[in-house]
Amino acid sequence: MGMGSVPPDGALEAELAALRARAYGADADIDGDPRALRRLAELEEWHAAMMTAAVDAEHPSTEPEGPAPGSSPAGTGQSGAAAPTARTLDRRSSAGAARGAESLGRLSRTRVGAIALGAAGVAAIAAVVAGVIAWTAPQPDATLRFTGALPGEQALRLADFARGQLVSTSSLRGFQPWGDLEVWGAQSALGNRCLLIMEPSTDSLHAASCVPPPAQPIAEVYDVPVASGEGWHEGLPVGSVVRFVLEGDVVEVWVFEGVRPE
């Protein structure tokens, strides 16, 4: 498991309990700690191995060793017992071998079952950890779908203001709007992916971003509603930022509210 110098079992159990609390507890925070996630997987593997060893210890071989209590030593003839012959020894050996094979088969089945249980447990833990990470990961405030809408005259004119980033206006294609803001994707003359945010009612190009793949274009609109008639920032405190991130065929919208004055 790559744990190096292994501490006592009690310390490992305590560490495993602490990591489980971080992964599944009410205040789970392990999703942001890859090192802790790897350590949790190691300790779950160790715990499964300990379970297998415990099962083996509970099923030791029960084959008796030596003469049974009250029997006479071989060859003494006491208590009416005859000395074993070659034939009786052969029968005893065969019977012992059969019992040994049965015991070995039982232990093997138990060990396989324990290993399967341990593997299933590790897989279940991994699934739960993945679920916890997905559940606790931040989610965008909105997801805008690609519509493929063609730009009108205003969008083409506003996109021309991003000429410094070599945006190809002929490649403009639309996404769903966010409030009063229009969201457009495009390509640059350099083959970069571009994201443009426009506000039609004020005839403004708010943001434009072009980056080479596989980077994600990010365009941010900063809220300074001083004498502004735009409605997209309604209800947001001054200083808020709306971040648009182009992810494949969708645009994620992240709203970061400014600090409200006390």
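Bear in mind these aren't lab numbers, they're just calculated from the coordinates by the rules spelled out. Computed from a predicted structure; not experimentally measured. When we count neighbours, we look across all protein chains shown, and the Cβ atoms used for this are built from the backbone with ideal geometry, even at glycine.
The H on the amide N of residue 168, modeled in the peptide plane, is under 5 Å from the matching H of 187, 188, 189, each at least 5 residues off or on a different chain.
Close amide H partners of residue 142, meaning residues 5 or more places away or on another chain with modelled amide H under 5 Å apart, are 253. Separation of the stretch 141-202 from the stretch 13-42 is 43 Å, based on Cα centroids.
Provide the net charge surrounding residue 189, with neighbours chosen by a C-beta distance below 14 Å and charges set as Lys +1, Arg +1, Asp -1, Glu -1.
Every neighbour counted, the sum reads +1.
Label-to-label distance, residue 54 versus residue 211, with points set 7 angstrom from Cα along the beta-carbon direction: 4.8 nm. Amide H contacts under 5 Å for residue 258: 240, 241, restricted to partners 5 or more places along the chain or on a different chain, H placed in the peptide plane at 1.01 Å from N. Taking a sphere under 12 Å around the Cβ of residue 28 and counting the other residues whose Cβ falls inside, with K and R at +1 and D and E at -1, yields a net charge of -2. For the stretch 176-188, 3J(HN,Hα) computed residue by residue from phi via the Karplus equation (6.51, -1.76, 1.60; θ = phi - 60°) reads 4, x, 10, x, 7, 9, 8, 10, 10, x, 7, 10, 9 Hz, glycine and proline entered as x.
Applied to the stretch 205-216, the Karplus parametrisation 6.51 cos²θ - 1.76 cosθ + 1.60 on θ = phi - 60° returns per-residue 3J(HN,Hα) values of 9, 7, 7, 8, 9, 10, 9, x, x, x, 4, 9 Hz, with x for Gly and Pro. Cα gyration tensor of the stretch 144-256, axes a ≥ b ≥ c as square roots of the eigenvalues: rounded (a/c below 1.5), prolate (a/b > b/c) or oblate? Verdict is prolate for the stretch 144-256. Using θ = phi - 60° in the Karplus curve 6.51 cos²θ - 1.76 cosθ + 1.60, the 3J(HN,Hα) couplings for the stretch 245-251 round to 10, 7, 10, x, 9, 9, 10 Hz; x is entered for Gly and Pro.
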